[in-house]
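Trainee: Starting off with a structure, shown below.
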Amino acid sequence: MMKKLVIFDLDGTLLNTIADLAAATNIALRHYGFPEHEEKEYNLFVGNGINKLFERALPKEHRTEENIMKIRSQFVPYYDMHNADLSRPYCGVTDVLKELQNRGVKLAIASNKYQSATTKLVKEFFPEIDFSVVLGQREGIPSKPDPTIVNEISAATGISKEDIAYVGDSCVDMETGRNAGVETIGVSWGFRPRKELESYNPAFIVDNSNQLMEYLLK
């Protein structure tokens with residue numbers, strides 16, 4: 001039976017944001033004289049919010065709270081200005097969102113990207129999609145894989161867990177869906193390898209947007 005609500009992760013699921021995240025982090029690292037990283041390395045740094053990204057990007061001996069906040073102070077102003085420079089929707093995902101919307105399925109975003117950047121990118125790249133709820137990482141709210149964000153969306157929409165599907169590209173997402181007790185679908189086109197998704201036994205793993213559309217509309 002078709003779900004009443006589909007919740008999507010943002011980075012690595014709907015949007016390929018890695019180039020902008022890498023560029024902004026490298027600029028912040030360079031500012032403080034820390035070594036930079038190749039873009040592909042950032043695939044393993046992202047997924048748990050920006051403070052965790054900075055911790056992973058810093059040299060092991062410099063992973064202090066002070067240094068994380070220093071990197072953040074340079075990253076946020078730059079990223080706020082440039083977070084849509086190189087980021088783009090993955091092939092076909094906009095069509096999936098439109099078709100679900102046309103069928104009366106409610107849509108929501110649950111991201112570990114900080115709230116203002118999440119809101120900006122959703123408006124920028126999906127202006128035709130009427131998301132019921134768009135939630136990013138907020139002060140005082142535990143980040144994914146804690147299920148709070150999914151619980152908030154369920155409460156805000158009045159849709160119960162058995163009528164919700166959660167779609168994401170990483171182990172963080174697979175855990176989030178499992179922790180929240182909702183059907184969880186992995187997408188293999190994102191930042192993490194398919195094997196990582198398989199190890200969490202989601203309900204289904206899709207390799208392209210057509211498969212995602214078919215699965216969600218069945």
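The values are calculated or read from the model by the stated rules, or taken from the named source; none is laboratory data. Every value quoted in this text rests on a predicted model; they were computed, and no experiment measured them. Heads up, the Cβs are rebuilt from the backbone with ideal geometry, glycines too, and the neighbour counts pull from every protein chain shown. These area figures cover heavy atoms from the full protein model, side chains too; ligands, DNA and RNA do not enter into them. Shrake-Rupley method; radii C 1.70, N 1.55, O 1.52, S 1.80 Å.
Trainee: Given the conditions (1) surrounded by fewer than 18 Cβ atoms within 10 Å (Cβ to Cβ); (2) under 22 Å from L53 (Cβ atoms); (3) among the charged types (D, E, K, R), and given that E152 satisfies all but one, which numbered condition is not satisfied?
Mentor: Against the list (1) surrounded by fewer than 18 Cβ atoms within 10 Å (Cβ to Cβ); (2) under 22 Å from L53 (Cβ atoms); (3) among the charged types (D, E, K, R), E152 comes up short only on (2).
Trainee: At least 2 residues that are in contact (Cβ under 8 Å) with a residue 40 or more places away in the chain and surrounded by 16 or more Cβ atoms within 10 Å (Cβ to Cβ) in each: list the strands (runs of 3 or more DSSP E) lying fully within segment 163-218 that qualify.
Mentor: 164-168, 183-187
For every residue, the table says whether it meets (1) in contact (Cβ under 8 Å) with a residue 60 or more places away in the chain; (2) within 15 Å of H82 (Cβ to Cβ).
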site	(1), (2)
D20	yes, yes
F34	no, no
H37	no, no
E41	no, no
G47	yes, no
N51	no, no
F54	no, no
L58	no, no
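Trainee: S111 versus (1) assigned to a loop (DSSP other than H, G, I, E, B); (2) touching a Ser or Thr at 6+ places or on another chain (Cβ under 7 Å); (3) closer than 24 Å to Q211 by Cβ: which is the lone unmet condition?
Mentor: So the condition that S111 fails would be (1).
Trainee: If we scan segment 119-131, do we find a residue that is assigned to a strand (DSSP E or B) and touching a strand residue (DSSP E or B) at 6+ places or on another chain (Cβ under 9 Å)? Steps first, answer last, please.
Mentor: Applying the first criterion (assigned to a strand (DSSP E or B)) to segment 119-131 yields none.
No.
Trainee: Quick check, is L135 in contact (Cβ under 8 Å) with a residue 12 or more places away in the chain, part of a helix (DSSP H, G or I) and either open to solvent by 70 Å² or more (accessible area, probe 1.4 Å) or hydrophobic (A, V, I, L, M, F, W, C) (or both)?
Mentor: Here the answer is no, as L135 does not meet what is asked.
Trainee: When L121 is evaluated against the numbered criteria (1) open to solvent by less than 40 Å² (accessible area, probe 1.4 Å); (2) free of Cβ contacts under 8 Å to residues at least 40 places away in the same chain, which criterion, by number, is the only one it fails?
Mentor: The number of the failed condition is (2).
Trainee: Here's a follow-up. Of a type outside the set (D, E) and in contact with a Gly (Cβ under 7 Å, 6 or more places away or on another chain) - does that describe any residue in segment 56-68?
Mentor: No, segment 56-68 contains no residue that is of a type outside the set (D, E) and in contact with a Gly (Cβ under 7 Å, 6 or more places away or on another chain).
Trainee: May I ask you to list the residues in segment 62-107 that are of a type in the set (D, E) and either within 21 Å of N16 (Cβ to Cβ) or surrounded by 15 or more Cβ atoms within 10 Å (Cβ to Cβ) (or both)?
Mentor: First pass over segment 62-107, keeping only residues of a type in the set (D, E): 65-66, 80, 85, 95, 99.
Within segment 62-107, D80, D85, D95, E99 meet the criteria.
Trainee: Taking helices (runs of 4 or more DSSP H) that fall entirely within segment 1-99, which contain at least 3 residues that are among the hydroxyl-bearing types (S, T, Y)?
Mentor: Numbers: elements: 18-31, 50-57, 65-82.
Correct list: 65-82.
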